[in-house]
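Chemist: Once you've had a glance at the structure underneath, I'll fire off some questions.
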Amino acid sequence: MKPLLLLALLAAPLAVMAGAQQYEPLADSVRVRLSRVVADKAVPEMAFRSSEDAQRWLAEMDARLEKRIPDRKQRLELLRTVHYEATRARLDPQLVLGVMEVESGFRKYAVSRAGARGYMQVMPFWVRLIGQPNHNLFHLRTNLAYGCAILRFYLDMENGDYFRALGRYNGSLGQAEYPNLVLSAWRGRWRYDGPIG
């Protein structure tokens with residue numbers, strides 16, 4: 001990729017890179033496990049060792065997200081839900097923020113040309129595959145529960161290889177642009193050195 005193009009992409013973080021997650025047949029055991037994850041209705045709560053750690057993380061992420069989501073109540077709800085769903089799926093919350101930045105530009109009602117929906121750009125076929133007919137992919141908690149479960153599934157499938165898992169998540173396996181953008185956002189704009197759980 002040419003340096004000027006990469007610089008332009010990084011300077012315009014609201015550009016959406018949503019692809020089309022590909023349908024892949026799932027074993028029954030995987031389908032059941034993923035169904036349980038997206039069906040869980042427990043109240044989201046952040047799991048930090050101390051309330052001070054939680055407040056520090058929230059304050060820092062809140063400040064970074066302020067330009068993208070002006071409403072503070074909406075920002076805090078999103079951050080609490082990101083932290084809950086990411087840690088529940090054994091993912092770094094900052095990775096999930098990077099995925100959301102690249103996939104939707106933090107737009108709740110984003111829809112890709114392929115039909116992917118919401119913050120994490122989840123394809124509707126996942127609702128039929130692992131969810132319930134009444135699941136709304138534009139609902140914050142539902143979208144993040146699906147997105148995090150799907151990303152965890154791909155990370156497990158790829159033995160922890162983020163580059164390949166992100167390629168699968170975006171439907172661009174084997175292409176470097178999308179994984180590199182997410183990894184750059186995760187390790188750059190969303191990097192956090194304090195305790196996250």
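Values in this text are rule-based calculations from the coordinates and carry no lab data. Given the structure is predicted, the values throughout are model-derived calculations rather than measurements. Because the Cβ atoms are built from the backbone with ideal geometry, glycine has one as well, and the counts that use them run over all protein chains shown.
Chemist: Are there chymotrypsin sites (Phe, Trp or Tyr not before Pro) in segment 84-189 that DSSP marks as loop and that have at most 14 other Cβ atoms within 10 Å, and which are they?
Modeler: Y109, F138
Chemist: Here's something else I'd like to know. Restricting to Cα atoms and excluding each atom paired with itself, what does the Kirkwood estimate give for segment 51-187 in Å?
Modeler: About 15.1 Å for segment 51-187.
Chemist: Using alpha carbons only, how many angstrom separate the centre of segment 85-111 from the centre of segment 177-196?
Modeler: After rounding, the separation between the Cα centres reads 11 Å.
Chemist: Can you compute the modelled spin-label distance between E158 and L76, with each label point 7 Å from Cα toward Cβ, in nm?
Modeler: A separation of 3.5 nm, rounded to one decimal place.
Chemist: Compute, for segment 30-187, the length of the dipole vector about the Cα centre, with Cβ point charges of +1 (Lys, Arg) and -1 (Asp, Glu) only. Units Debye, rounded to 20.
Modeler: 440 debye
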